[in-house]
Amino acid sequence: MLIPSLAKKIINEVRRLINEDIIIVDISGTIIASTDTSRIGRFHEGALLASRDQKKMIITKDMESHLEGVKAGINLPILFKQKVVGVIGITGNPDQVSAYGELLKKMTELLIQESYYAEQIEMESRALETFVFDWVQGKEESGEFIKRAEHLHIDIERKRQVVFASIKSNTEFPIQNISKRLQQSTFLNENEIFVRWGNEQFLLLLTDRSKEQIQKALQKLKKEIEASFSVKVSFGIGSEHYLLRQSFDEADRALQVAKQTNSIQFDDDLKLEMLIHETSGHVQVEYVKRTIAKLLGDYDLLLTLLEYTKQNQSMKDTAEALHIHVNTLSYRFTKIEEKTGLHPRNFVDLTTLYLGLLLLDRSIKIVE
């Protein structure tokens, strides 16, 4: 329980309160942390006696000559769950350092408790992550899996709706703090589950939620996190299913679309994007090469095509949005046809070009 790294942390915390030399000793009498690093690893007979007898040991100057490795001061046993786990020693005049010895002992014991419970929470979190991973893989039929569900108090018979969250930033960001914010969100109720999924992604398993409730809650959560941590958050939401894998796959598909615009995307709202997601990366890259790639050297033509689709194929509205004359727009359409063999005013050709636009960003990522 009292490992060197924790002992060193305790030394650093306690040193803020007093300016005396301090040691932390394990129950075998070995110094595992000290303000005087030269003492680390040495045997301390006084601490061993304090640990064995479970009581404070006062070390006088006279005792330095016949107890191995000691200096004048006090040694106090550190208790955790009513057992001695180590000893804290304070060097100095016993009459002076005894005044705050008990305070430092209590502080040390509190730090050990805090570390223990943080470790337990981390272990429970890892157990839950592993469980959800196996759940997604479809292992809910095994007896061992059912026992794990019972231990974690998870009802695997309920319908679940997967929300897949992704965090994106150009700089490093405090993933632990974001994770804590998501986990402590009032959005989740006691029957719902939150786990980390890799370094920059999270899963939320919801129950009995309307689409409107989810949309509203995620919009609020997205706004809070982006404002607090200067990151971009995307959410993909699957439908509610008894088979978790099905909802997971839908949420994953929706997330791939959502990440392109840092938005909130429900899988059941996907139309053309659904077909794109199921198309192999090689085919996507090849399609872009045969269509929209021929416009990559001319930003104005790409922008024109994109704006035309946004303006519902209105020549007038597109020209106004681009601040150009309609004749200039017609000229650009002619240039697009010359480069691609496809004319934006032709419905089939425009559909072909629009699909290329949708695939463009994805194909670049695939090639990279």
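Worth a mention:
- The stretch 239-308 holds helices (runs of 4 or more DSSP H) entirely within its bounds, and those carrying 3 or more residues that are of a type outside the set (Asp, Glu) and closer than 27 Å to Glu338 by Cα map to 281-290.
- Whichever residue in the stretch 215-237 is small (Gly, Ala, Ser) and surrounded by fewer than 21 Cβ atoms within 10 Å (Cβ to Cβ) and, among such residues, is farthest from Ala258 (Cα to Cα): Ser228
- Screening Ile18, Ile3, Ile22, Ile11 for residues that are in contact with a Phe, Trp or Tyr (Cβ under 7 Å, 6 or more places away or on another chain) and either at pLDDT below 95 or not assigned by TED's automatic domain parsing to the domain that holds Leu104 (or both) leaves exactly one candidate, Ile18.
- Here Gln265 fulfils each of the conditions (1) surrounded by 21 or more Cβ atoms within 10 Å (Cβ to Cβ); (2) at pLDDT below 95; (3) under 13 Å from Phe164 (Cα atoms); (4) out of contact with any Asp or Glu (no Cβ under 8 Å at 6 or more places or on another chain) apart from (2).
- Single condition Phe187 does not satisfy, out of (1) buried (at least 16 other Cβ atoms within 10 Å of the Cβ); (2) assigned to a helix (DSSP H, G or I); (3) in contact (Cβ under 8 Å) with a residue 24 or more places away in the chain: (2)
- Being polar (S, T, N, Q) and farther than 30 Å from Ser239 by Cβ is a condition met by no residue of the stretch 126-145.
- Among the candidates Ser185, Ser247, Ser230, the residue that is of a type in the set (Gly, Ala, Ser) and within 14 Å of Lys159 (Cβ to Cβ) is uniquely Ser247.
- Inter-residue pairs, beta-carbon under 6 Å, first touching a residue at least 24 places away in the same chain (Cβ under 8 Å) and in the stretch 326-351, second among the basic types (Lys, Arg), 6+ apart: Lys339/Lys294; Thr340/Lys294
- The criterion of being in the same structural domain as Arg245 (by TED's automatic domain parsing) and in a helix (DSSP H, G or I) does not hold for Leu205.
- Within the stretch 1-40, if we keep just the residues that are among the β-branched types (Val, Ile, Thr) and over 25 Å from Lys81 (Cβ atoms), the residue that is surrounded by the fewest Cβ atoms within 10 Å (Cβ to Cβ) turns out to be Thr37.
- Matching option when the condition is modelled with pLDDT of 90 or more, buried (at least 16 other Cβ atoms within 10 Å of the Cβ) and assigned to a helix (DSSP H, G or I), among Thr352, Thr328: Thr352
- Selection within the stretch 231-253 - within 14 Å of Leu206 (Cβ to Cβ) and of a type in the set (Gly, Ala, Ser): Gly236, Gly238, Ser239, Ser247, Ala251
- Pairs linking a residue in the stretch 300-318 that is surrounded by fewer than 16 Cβ atoms within 10 Å (Cβ to Cβ) to a residue that is not in a helix (DSSP H, G or I), with Cβ atoms under 7 Å and 6 or more positions apart or on different chains, are Asp317/Gln311.
- Qualifying residues in the stretch 41-88 (those that are β-branched (Val, Ile, Thr) and closer than 13 Å to Val25 by Cα) - the one surrounded by the most Cβ atoms within 10 Å (Cβ to Cβ): Val87
- Condition check for Asp208: charged (D, E, K, R) and at positive phi: yes
- Meets criteria (closer than 20 Å to Ser5 by Cβ, out of contact with any helix residue (DSSP H, G or I) (no Cβ under 8 Å at 6 or more places or on another chain) and among the small types (Gly, Ala, Ser)) for Ala118: yes
The values are calculated or read from the model by the stated rules, or taken from the named source; none is laboratory data. Remember, it's a predicted structure, so these values are computed and weren't measured experimentally. Positions of Cβ are backbone-derived with ideal geometry, glycine not excepted, and every protein chain shown enters the neighbour counts.
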